[in-house]
Amino acid sequence: AKGVRKLTSKKSPHLDTLNVIKFQTGRGNSPFYLSQVESIYTFPEIKNDLFKARTALFICELLVNLLPENQKEPYLYLLSEQFFHNLEKTDNIRDLTTDFQLKLVEVLGFNKPSNESPNGLLDYFEDLMDKKIRSRQIKIS
């Protein structure tokens, strides 16, 4: 984004992780750049709760690693956005996250995991991605 790295940039606060944004791009001699950006929703309840923030980062990590690049996935976008809205309101993070992971497996067409417990799903996704999930290793004390 053109100028977004400047300390005085008016665009950079809108580009925070988890923000739902509305944006316009321009094209110069180089690749696209942000010409306008506006925050639609910022999920403050998630960002103010370390357990919810770690859960949100975990879901983002799954999506980044499982979805193909440069492919539109409107259903998964809406499903993910709904998950984050629900995460803000719930105290039952474990069940909400498990349900989302199982839905993700179903939508992406992967075989159903044999162990649907939180730890079983973690192992399932790590095997699927062939790497450790880093966000789950964040320690909260």
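The values are calculated or read from the model by the stated rules, or taken from the named source; none is laboratory data. Since the model is a prediction, treat every value here as computed from it, not as a measurement. Because the Cβ atoms are built from the backbone with ideal geometry, glycine has one as well, and the counts that use them run over all protein chains shown. Please note that ligands, DNA and RNA were not included when accessible areas were found on the heavy atoms of the full protein model with its side chains. Shrake-Rupley method; radii C 1.70, N 1.55, O 1.52, S 1.80 Å.
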query: What length, rounded to one decimal in nm, is gained on full extension from residue 70 through to residue 49, with 0.36 nm per residue of separation minus their alpha-carbon distance?
result: 4.4 nm
Accessible-area ranking of 58, 32, largest first, probe 1.4 Å: 32, 58
Sparse-neighbour loop sites [chymotrypsin sites (Phe, Trp or Tyr not before Pro); the range 62-117; at most 15 other C-beta within 10 Å; DSSP]: 110
message: Under 5 Å between amide hydrogens, which residues at least 5 positions from residue 35 or on another chain qualify, with H placed 1.01 Å from N in the peptide plane?
response: 24, 25, 26
query: Got a sec to turn the phi values of the range 47-60 into Karplus ³J(HN,Hα) couplings, 6.51 cos²θ - 1.76 cosθ + 1.60 with θ = phi - 60°, whole Hz, x for Gly and Pro?
result: 5, 9, 10, 4, 5, 5, 5, 5, 5, 4, 5, 4, 5, 4
message: Less than 12 Å apart at the alpha-carbon level, and either on another chain or at least 8 residues along: which aspartates and glutamates does that give for residue 52?
response: 88, 91
field: Karplus 3J(HN,Hα) series, Hz, for the range 103-111 with 6.51 cos²θ - 1.76 cosθ + 1.60 (x for Gly, Pro)
entry: 5, 4, 4, 5, 5, 7, x, 7, 5
- prompt: In the P(r) worked out for the chain, what percent of Cα pairs fall beyond 19 Å?
  reply: 59
task: Treating only the Cβ atoms of Lys and Arg (+1) and Asp and Glu (-1) as charged, compute the dipole magnitude of the chain about its Cα centre; round to the nearest 20 debye.
output: 860
- prompt: Pairs of lysine in the range 82-141 with Cα under 24 Å and at least 8 positions apart or on different chains: total?
  reply: 8
- prompt: Can you list the residues, at least 5 places off or on another chain, whose amide H is less than 5 Å from the amide H of residue 41, using H built in the peptide plane?
  reply: 20
task: Give, as a single signed number, the net charge of other residues whose beta carbon lies under 15 Å from the beta carbon of residue 121, with Lys and Arg counted +1 and Asp and Glu -1.
output: -3
query: Hey, what's the Cα Rg ratio for the range 78-120 versus the globular rule of thumb, 2.2 N^0.38 Å?
result: 1.20
field: the chain: most fluctuating residue of 88, 38, 69 per GNM, C-alpha cutoff 10 Å
entry: 69
message: Testing the spin-label approximation: label points 7 Å from Cα along Cα→Cβ at residue 79 and residue 132. State their distance in nm.
response: 2.8
field: Calculated [θ] (222 nm, deg cm²/dmol) that DSSP helices of n ≥ 4 give over the chain, each run adding -39,500 (n - 2.57)
entry: -14500 deg cm²/dmol
message: Per residue of the range 90-99, what does 6.51 cos²θ - 1.76 cosθ + 1.60 with θ = phi - 60° give for ³J(HN,Hα)? Whole Hz please, x for Gly and Pro, Karplus curve as stated.
response: 9, 9, 9, 5, 4, 5, 4, 5, 4, 4
